[in-house]
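The values are calculated or read from the model by the stated rules, or taken from the named source; none is laboratory data. Just so it is clear, the model here is predicted, and its values are computed rather than measured. For neighbour counting, all protein chains shown are included, and Cβ atoms are generated from backbone atoms with ideal geometry for every residue, glycine included. Heavy atoms of the whole protein, side chains included, go into the accessibility calculation; ligands, DNA and RNA do not. Shrake-Rupley method; radii C 1.70, N 1.55, O 1.52, S 1.80 Å.
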Amino acid sequence: MKYLIILGDGMADEPIPRLGGRTPLQAARKPTIDRIAALGASGILDTVPEGFAPGSEIAHLSLLGYDVPSVFEGRGSLEAAGMGIEIGRGEMVMRCNLITVEQERIRNHSAGHISTAEAAELIDFLQRRLGSDDVRFHTGVSYRHLLTIRGGDKRFHTVGPHDVPDRPFAEVLPSAADAAAEPTARQLRELIFRSQELLADHPVNRARRAAGKQPATSIWPWSPGYRPRMQTLQERYAPIRNGSVISAVDLIRGIGVCAGLTPVEVEGATGLYDTNYEGKAEAALRALRDEDFVFLHIEASDEAGHEGDAELKVRTIEALDARVVRPIFEAVSAWECPVSLAILPDHPTPCLLRTHTAAPVPFTIWRSGCHPDMVGAYDEQSARRGRYGHLRGDAFIDLFIHGTE
């Protein structure tokens, strides 16, 4: 059996008035995904354990069957694995966004989706001015970067900037959860304030303002942790001997690496609506021919949700259907070897809220020779009528791998 998960990040949503009270999944034209739902069986899945914020790091670990309280060591540590950055003992690592702060408020979590080339110049500049033997900035992709602090204490509260659009930034600065962590929290607050001073008139930002783009006016460190320890999928599931992860997002690549999957590079993969959909589909098919398990991640719908752009989100779902799911399904349907295919998001990213929620997500599973249920389309409401019902914990991945009806 070959196993393929196609994950449309943040695809799930809530009814939107300007879409006629429909969700983007309901409004989008997606004939192949709907056909897969009609030929397979569906359900809904809780991907966010109680007590955790609905971030992609939590949702992905959960849907892959990991016990999040036992394995989660912060988003930064997972992204470090995806970037090939070795985290030393006692070294704390955090995600470090470049964001737009205007009039003391967080205006944009991505600095207007700043380019990697522009961001690299800013991160290198900050490393020269703020870095040290103990503090290092690591360049990632677009607005997504890392900050490592040797000897940092992770026991403090942080908020992802995508969760607090238009909030006064001073209200959500890092704050210690334990008195012993106050020096680290204070150090981070100082780094944020210093970055704002340094970035205010940087040439990159002057050029972005002149071009009508949002400037990167601040760093935003969040989700601290240390080096993670996780069993691989190969250790947990006997049918899986090898596998690949395909994503433009370092976080997802890092989760894949920690889960024992090999990252696959795809030229032109951006994590946005202009990503190389066809290249990702081709890469998934190549990997699946040689390996047992492939995790294919498409970020575009999540970013559209964060922008609050319902029409763009509809287009990203339609692109996923026509340019990824259709060529993959046409190919694997003709293979002699059996294939198990799942389609789902990690969490909802409602356009009206512009952030993630912990609501259950719809999923559908098709496998060679399976018996369909009565669901004829793929969306948040249709999936609730599916044969698999409402799943939690590791029930989804167990179902997907072992095929228990």
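Which one is surrounded by the most Cβ atoms within 10 Å (Cβ to Cβ), of the residues in the range 13-44 that are among the acidic types (D, E) and in a loop (DSSP other than H, G, I, E, B)?
Looking at residues that are among the acidic types (D, E) and in a loop (DSSP other than H, G, I, E, B), I get D13.
Quick check on this structure: which one of A80, A59 is within 19 Å of the chain's Cα centre (by Cα), buried (at least 24 other Cβ atoms within 10 Å of the Cβ) and at pLDDT below 95?
Just one listed residue meets the conditions, A80.
Out of all the residues in the range 63-72, is one or more buried (at least 23 other Cβ atoms within 10 Å of the Cβ), modelled with pLDDT of 90 or more, in contact with a Phe, Trp or Tyr (Cβ under 8 Å, 6 or more places away or on another chain) and within 30 Å of F169 (Cα to Cα)?
Within the range 63-72, none of the residues are buried (at least 23 other Cβ atoms within 10 Å of the Cβ), modelled with pLDDT of 90 or more, in contact with a Phe, Trp or Tyr (Cβ under 8 Å, 6 or more places away or on another chain) and within 30 Å of F169 (Cα to Cα).
Taking the range 109-119 as the search range and keeping residues that are outside any helix (DSSP H, G or I) and in contact (Cβ under 8 Å) with a residue 40 or more places away in the chain, which one is surrounded by the fewest Cβ atoms within 10 Å (Cβ to Cβ)?
Among them, the one singled out is H113.
Within the set of pairs 6+ apart or on separate chains, which have a first residue in the range 169-196 that is more than 22 Å from E91 (Cβ to Cβ), a second that is part of a helix (DSSP H, G or I), and C-beta atoms under 6 Å apart?
Final answer for the pair search is L173/R189.
What's the total number of residues in the range 120-144 that are part of a strand (DSSP E or B) and either open to solvent by 30 Å² or more (accessible area, probe 1.4 Å) or in contact with a Ser or Thr (Cβ under 6 Å, 6 or more places away or on another chain) (or both)?
Here the count works out to 4.
So for the range 177-197 (the condition being modelled with pLDDT under 95 and either assigned to a loop (DSSP other than H, G, I, E, B) or more than 15 Å from K154 (Cβ to Cβ) (or both)), does at least one residue qualify?
Within the range 177-197 (the criterion being modelled with pLDDT under 95 and either assigned to a loop (DSSP other than H, G, I, E, B) or more than 15 Å from K154 (Cβ to Cβ) (or both)), the answer is yes, since at least one residue qualifies.
T47 fails exactly one of the following numbered conditions: (1) closer than 29 Å to H138 by Cα; (2) assigned to a loop (DSSP other than H, G, I, E, B); (3) touching a His at 6+ places or on another chain (Cβ under 7 Å); (4) at pLDDT 95 or above. What is the number of that condition?
(1)
Is there a residue in the range 149-165 that is open to solvent by 20 Å² or more (accessible area, probe 1.4 Å), part of a loop (DSSP other than H, G, I, E, B), within 21 Å of A111 (Cα to Cα) and of a type in the set (S, T, Y)?
Taking every residue of the range 149-165 in turn, at least one turns out to be open to solvent by 20 Å² or more (accessible area, probe 1.4 Å), part of a loop (DSSP other than H, G, I, E, B), within 21 Å of A111 (Cα to Cα) and of a type in the set (S, T, Y).
So which residues in the range 374-403 are open to solvent by less than 30 Å² (accessible area, probe 1.4 Å) and either without any contact (Cβ under 8 Å) to a residue 40 or more places away in the chain or part of a helix (DSSP H, G or I) (or both), if there are any at all?
Answer for the range 374-403, where residues must be open to solvent by less than 30 Å² (accessible area, probe 1.4 Å) and either without any contact (Cβ under 8 Å) to a residue 40 or more places away in the chain or part of a helix (DSSP H, G or I) (or both): S382, A383, F396, I397, L399, F400, I401.
Identify, please: which residue in the range 353-373 is outside any loop (DSSP other than H, G, I, E, B) and more than 16 Å from P24 (Cβ to Cβ) and is, among those, nearest to the chain's Cα centre (by Cα)?
That would be F363.
Please find, among V93, V101, the residue that is outside any helix (DSSP H, G or I), out of contact with any Phe, Trp or Tyr (no Cβ under 6 Å at 6 or more places or on another chain) and either within 30 Å of L353 (Cβ to Cβ) or of a type in the set (K, R) (or both).
V93
Here's the yes/no breakdown for (1) modelled with pLDDT of 95 or more; (2) over 30 Å from H138 (Cβ atoms); (3) open to solvent by 20 Å² or more (accessible area, probe 1.4 Å):
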residue: A248; (1), (2), (3): no, no, no
residue: A269; (1), (2), (3): no, no, yes
residue: D274; (1), (2), (3): no, no, yes
residue: D302; (1), (2), (3): yes, no, no
residue: R315; (1), (2), (3): yes, yes, yes
residue: R323; (1), (2), (3): yes, yes, yes
residue: A331; (1), (2), (3): yes, yes, yes
residue: P350; (1), (2), (3): yes, yes, no
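Name the single residue, out of those in the range 212-246 being part of a loop (DSSP other than H, G, I, E, B), aliphatic (A, V, I, L, M) and in contact (Cβ under 8 Å) with a residue 40 or more places away in the chain, that is farthest from S62 (Cα to Cα).
Of everything passing the filter in the range 212-246, A216 is farthest from S62 (Cα to Cα).
Just to be sure before I move on: is A177 surrounded by fewer than 17 Cβ atoms within 10 Å (Cβ to Cβ), over 19 Å from E121 (Cβ atoms) and small (G, A, S) in the structure I sent?
Here the answer is yes, as A177 does meet what is asked.
Taking only pairs six or more apart or across chains, which ones have beta-carbon atoms under 6 Å, a first residue in the range 292-315 that is under 17 Å from D379 (Cα atoms) and part of a helix (DSSP H, G or I), and a second residue that is open to solvent by less than 10 Å² (accessible area, probe 1.4 Å) and at pLDDT below 95?
From the range 292-315, no pairs qualify.
What is the number of the single condition among (1) closer than 21 Å to H306 by Cβ; (2) of a type in the set (S, T, N, Q); (3) touching a strand residue (DSSP E or B) at 6+ places or on another chain (Cβ under 7 Å) that S77 does not meet?
Only one criterion in (1) closer than 21 Å to H306 by Cβ; (2) of a type in the set (S, T, N, Q); (3) touching a strand residue (DSSP E or B) at 6+ places or on another chain (Cβ under 7 Å) is unmet by S77, namely (1).
Can you tell me which of (1) within 21 Å of the chain's Cα centre (by Cα); (2) modelled with pLDDT of 95 or more; (3) open to solvent by 30 Å² or more (accessible area, probe 1.4 Å) is the one A211 doesn't meet?
A211 satisfies all of (1) within 21 Å of the chain's Cα centre (by Cα); (2) modelled with pLDDT of 95 or more; (3) open to solvent by 30 Å² or more (accessible area, probe 1.4 Å) except (1).
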